[in-house]
Structures are given as C-alpha cells and as structure tokens.
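Readers should treat all values here as calculations from the given coordinates under stated rules, not as data from a laboratory. Being a predicted model, the structure only gives us computed values, none of them experimental. All Cβ positions, even for glycine, are placed from backbone atoms using ideal geometry, and neighbour counts span all protein chains on display.
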Amino acid sequence: MPWGLTRFQHSGQSHFVTFCCYHRCRLLTTGESRRTFEAALERVRRSFRLQVYGYVVMPEHVHLLLSEPQGETDSSGSTPLKPKDGLNGPPVGLNEPPVGLAKQRTLADALKSLKQGVSRRLIGDAEHFWQKRYYDFNIRDYPQFVEKLRYIHRNPVKAGLCERPEDWEWSSFRHYATGCEGRVEIESEWTARKRERAAGKLCPGGAAPLKPKDGLNGPPAGRSHSEHPHSSQDPA
C-alpha cells in the first residue's frame, strides 16, 4: 500500500471501487472473459457476505459499488467459506481460523480474492493481469450513491461501446431496469421484494418497495469521510 494513503474499510459505508487491467491493456474483451469475472464476483459476494449494488465490466477496467463484508459467518452461522479460485467449484473450508481473525476480513481481502480468482483463469501467458493499486471511494450519502451508480451504468455509453446502458450485457443496469436476475445478485428493491415474497411477508397486492436502509439495501447515510484513492489515477 502506498505511503500516505489510509483505507476506511471499517466505516460501515458503501464503496465505489475501480481497478484496471495491467497497464490498462484490454484483457476483458470477450464474452467469456467478462462472464468469468461475473462468476468470480458472485462467488466472492457469497463467501465474504458482500452486498453488490452495481457493477460494470469494461474491456480494460471494472467499476463496483458494494458494501463491506457483513460479519464473520455465512447465513447458516457456520465458518466462512473460501471459494475455489474465487470462481466455481465447491467452496473449501478456511481450516478453522481463530474467531478474531475471521472478524478482521475486510473489503481489501474480498477484492484480493476476486482479482486472484479472475487472473488465475484468464492470465494465460501474460506476466500480470491486474494493476496492483485500485481506487476506493467511500460513499457518504444517498445522492453520492445514485451519482456513482449512474456513472457505472453510463460508462459503456461514454466509452462508445453501445448506444444505451441497457445494450451492455455486462453490468447491473438491466436488473435495475427490469428486475431480471443476472449472473451476480444485486442488492436492490427488486431483490428485497423477492425475499419478502419468498418469506410470505409481501401482501398479494404488492406493497410499495421499502426505502434503502443504512448498511442494508442502500448506502450508509450521515458519515463524513473523504475520497481515498488507492492509485494516483482517477477512475476511468
């Protein structure tokens, strides 16, 4: 980690994260490579209990809007699971780590697992797949959350890759527009309503979606932290 930079990854806030392919080479140009990234993101989301609010896979970089890890156990209360190579295959146990160590898992740990899982599958003959440093912005309030989510979804249009956000398959836009389920579970009002229906808590008429709550279905509110990039470059 570069000198003079401080990570705020125990803030309870959401994070806007950007990381790039090595030397900004276009290493994510095929549907297969982008699906590999999405599979890795979903696996890491489950094992680290992240909430993914938005993402986009670009040819040479990735944007994510997500939470910090939600505690040290999975939904069944058991020891956290480690994904095999951060992708598919049966999860592998963490060899019973000390309880205190499990609680210290950070967003940085999750991103490291994600990047390693993708690079193992896609690096080929290249020396490196990802740049070591990454950009991390703490979301302070709901307007910032909306701003970053819109930025993520419009990035392919801005880059000239498509005419409309819905034309780009490798992002969370289609989920927000239609509620369709993609390869990555998105934490949204659509998802919250689906859970309510599954639990039998939603009336047949369909109540209005609940407003995002702090640290759950939306960005934490009222905290005041500034921008903390992990590289000298702004996000693409």
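Observations, loosely collected:
- Sorted on the mean count of surrounding Cβ atoms within 10 Å across their residues, most packed first, peptides 23-35, 42-54 read 42-54, 23-35.
- A full extension of the chain between Arg46 and Ile123 corresponds to an added length of 25.3 nm, given 0.36 nm per residue minus the alpha carbon distance.
- Within the shell of other residues whose beta carbon sits under 13 angstrom from the beta carbon of Val157, the net charge comes to +1, with Lys and Arg scored +1 and Asp and Glu -1.
- By the count of other C-beta atoms within 10 Å, a proxy for reagent exposure, Phe173, Phe129 are ordered fewest to most as Phe129, Phe173.
- Put the Cα centre of segment 121-189 next to the Cα centre of segment 54-73 and the gap is 8 Å.
- Footprinting exposure proxy ranking of Ile152, Ile186, fewest other C-beta atoms within 10 angstrom first, gives Ile186, Ile152.
- Estimated distance in nm for a label pair at Ala198 and Tyr142, the labels positioned 7 Å out from Cα along Cα-to-Cβ: 2.6 nm
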